[in-house]
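This report refers to the structure that appears directly beneath it.
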Amino acid sequence: MERKDRIDLFGGTVLVVFSALLGLNQVMVKLVNAGLQPVFQAGLRSVCAFLPVLLYALFMRKRLSISDGSFWPGVLCGVFFAGEFMLLFSALEFTTVSRASVFFYTMPFWVALVGHFIIPGERLTPLRLGGLVLAIVGVALALSGRSGTLPETVIIGDIMCLLAACGWAGIALVARTTSLSRSSPEMQLLYQLAVSAVILVPASLFFGDWIRDMTPVLAGIFAFQVLVVVGVGFLTWFWILSIYPASDMASFSFLAPLFGVLLGWLILDETITGAVALALVLICCGIVMVNYKPRVRPPVSADA
């Protein structure tokens, strides 16, 4: 498809479906934790997803290279990726999907905060700063609004999700500020999958037995994660990114935490407290404000 200057119906539909997929993914991770140890699940997902992504990249003749100066930044992204999912998958042992969605999707704020200092042209404008303040208030509200039906240890999972969001932000910042930015999206994803697999599978040996109460249903859910979420989902995202403006796509990012909270309630029967609901509203508004970039209109010709 040819490059477009704005999101159309097709692009918007794909982005909504992708956001729903991200929200569903955390529900699936929590379910599969009953059958697989969380760190092992994260590592096994990277192992299993590597080959489909590689085959797709080769079939589509995507540029794959480790000798273009991207190797060490790619390794660093893989380390961040491993830390991100080690924390997120483990956090879902302690906290709910609804709360995890609120904290994990604070990622754009950490990118905006650090990007203000290290990325030219990414200064914190008053609007973006306002979005950051809303997010901080939302996080503080969610942390203080624990329901009496949840165990005291839920705070551990909440903090782990915040740290996972920082790891995700680290990937975005490395990809934008180093030679990795010149690599194809598929190569960036392969770095993350390969390095995280090498880190997570050995690390999982220190977190207990790999197999818990695994069932065919849980195995099917895990396969869906590998093939649809990581394989089809992320590759579709990269494909859409090559067609539509990134700034317009970013405006859809607030949908992922909304879907996460909604699906946690629908599928896992999680309680959505008033504090979590209000925190979600604040964070979603903040995401829109942080990502907002006014469209630059071309100058009007003098003889028009």
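The values are calculated or read from the model by the stated rules, or taken from the named source; none is laboratory data. Nothing here was measured: the structure is a model prediction, and the numbers come from that model. Here Cβ is always computed from backbone atoms with ideal geometry, including for glycine, and neighbour counts include all displayed protein chains. These area figures cover heavy atoms from the full protein model, side chains too; ligands, DNA and RNA do not enter into them. Shrake-Rupley method; radii C 1.70, N 1.55, O 1.52, S 1.80 Å.
Using unit Cβ charges (K, R positive; D, E negative) and no other charged atoms, how large, in debye to the nearest 20, is the dipole of the chain about its Cα centre?
It works out to roughly 660 debye.
What nm distance separates the two modelled labels at ARG6 and SER65, each placed 7 Å from Cα along Cα→Cβ?
3.7 nm
May I ask which residue of ASN33, CYS161, ALA194 lies farthest towards the positive end of the charge dipole of the chain, with charges of +1 (Lys, Arg) and -1 (Asp, Glu) on Cβ and the Cα centre as origin?
Of the listed residues, the answer is ALA194.
Between LEU124 and LEU227, what length in nm is gained on full extension when 0.36 nm per residue of separation is reduced by their alpha carbon distance?
33.3 nm
Using a 1.4 angstrom probe on heavy atoms only, work out the carbon and sulfur share of the accessible area of the chain in %.
Ligands and nucleic acids excluded, carbon and sulfur reach 72 percent.
Would you look at the GNM of the chain, springs on alpha carbons closer than 10 Å, and say which of LEU282, LEU113, LEU24 moves the most?
Most flexible of the set in this elastic network: LEU113.
Counting each DSSP H run of 4 or more residues in the chain as -39500 (n - 2.57), what helix-only mean residue ellipticity at 222 nm follows after dividing by all residues, to the nearest 500 deg cm²/dmol?
-22000 deg cm²/dmol
For ASP269 and ILE136, what does the FRET efficiency come to when R0 = 25 Å and r is the distance between their Cβ atoms, rounded to the nearest 0.05?
It comes out at approximately 0.25.
Which of PRO257, PRO151, PRO108 moves most in a GNM of the chain, Cα contacts under 10 Å?
Of PRO257, PRO151, PRO108, the most mobile in the Gaussian network model is PRO151.
Top to bottom by accessible area (1.4 Å), largest first, where do ASP68, ASP269 land?
Reading off the accessible areas and sorting them downward yields ASP269, ASP68.
With the other protein chains left in place, how much accessible area per residue, in square angstrom, belongs to the chain at a 1.4 angstrom probe?
48 Å²
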